[in-house]
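Single-structure report; data block below.
The values are calculated or read from the model by the stated rules, or taken from the named source; none is laboratory data. The model shown is predicted, which means the values in this text are computed figures rather than measured ones. Every residue, glycine among them, receives a Cβ derived from its backbone with ideal geometry; neighbour counts consider all protein chains shown. Keep in mind that these areas ignore ligands, DNA and RNA; they rest on the heavy atoms of the full protein, side chains included. Shrake-Rupley method; radii C 1.70, N 1.55, O 1.52, S 1.80 Å.
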Amino acid sequence: MKIGVLASGRGSNFQSIIDAIESGYLDASVGLLIADNQSAFALERAEKHGIEHLVMVPEKFSSRDEYFKDIAVQLHERRVELVVLAGFMRIVGKPLIDEFPSRIMNIHPALLPSFPGLHGQQQASDYGVKIAGCTVHFVDEGMDTGPVIIQAAVTVKDSDSEETLSSRILKLEHRIYPAAIRYFTEGRINVTGRRVKISGIAFEEKTIISPPLP
Ligand code: GRF
C-alpha cells in the first residue's frame, strides 16, 4: 500500500514509519512526503531514504481550499491510499478530507479528547494528570477530534518537565503509529461513527494506577 506523509518539522514519527517499512514490519511504501515549509527536517529524512518529497507552502496558494485541493491531487497522482500526518501543524481542509474519507490519520501527544491542540504534553503536565499518553486517530475537520484508533499511556512523575514527559510519550508514539498503519494496511480497521474496531485483536484487561496504591 502506498502512503503519503504530511509533515512540518523534525519528522521523528515519519522516521519510525520509514524504519517500520525498511524492517518489514509494514508492508507499505511512502509514495510522497509533503512538507509545508522548506526547513522541515522531515525533508532530509525523505532525501536520505530515496522518498519523493515536495515543499508546498500554503501562502503560495490563493486559498486554504486550493492548498488542500492541490495536496489531494499530488497524493492521487502517486496512487496514495493512506495519508499520514506526522507533525503536520495545520488543520486539514475539507477538500483533502473529502478525497480521503477515513483514510487520513494523525498522531497527537495526549490521551484525546483531553488536551487537543498545541503542546498536549505541557497541557497535561500543567493540569497535573497522573497518567498521560498519545493517540492515533482518523482526521476530520476539527482539531484532534476524529475517531480514535489506538492510544498508549505513561505514568507521570512529580519531577517530570515538559521535555522528560514528551520524550517518554514520543517513544510510545513511535510504536503505536506504525501499529495503526499496519492494521490499516492489513484491512483490519472498521469505522462506524466514532467507533473504530480492529479485527482479530484478543482483548487484554490492563489497569494502570498512578501513583501506585500503598
Ligand atoms: C509529535 O509529538 C506528534 O504527536 C505531534 O507533533 C509531534 C511531531 O513530532 N503531532 P515529529 O515531527 O514526528 O518528531
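What the table shows:
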| quantity | calculated |
| --- | --- |
| The stretch 98-120, residues that are within 28 Å of Glu66 (Cα to Cα), crowded, with 20+ Cβ neighbours inside 10 Å and within 12 Å of the ligand (Cβ to nearest atom) | Met105, Asn106, Ile107, His108 |
| Strands (runs of 3 or more DSSP E) wholly inside the stretch 147-213 containing at least 2 residues that are more than 16 Å from the ligand (Cβ to nearest atom) and at pLDDT 95 or above | 189-192, 195-198 |
| Candidate set: the stretch 1-58, residues that are basic (Lys, Arg) and outside any loop (DSSP other than H, G, I, E, B); chosen: the one surrounded by the most Cβ atoms within 10 Å (Cβ to Cβ) | Arg45 |
| Qualifying positions in the stretch 121-137 - out of contact with any strand residue (DSSP E or B) (no Cβ under 6 Å at 6 or more places or on another chain), buried (at least 18 other Cβ atoms within 10 Å of the Cβ) and either within 27 Å of Ile71 (Cβ to Cβ) or hydroxyl-bearing (Ser, Thr, Tyr) (or both) | Ser125 |
| Number of the exception - Ser159 against (1) open to solvent by 90 Å² or more (accessible area, probe 1.4 Å); (2) closer than 12 Å to Pro109 by Cα; (3) among the small types (Gly, Ala, Ser) | (2) |
| Selected residue (criterion: nearest to the ligand (Cβ to nearest atom)) from residues of the stretch 1-27 that are more than 15 Å from the chain's Cα centre (by Cα) and small (Gly, Ala, Ser) | Ser23 |
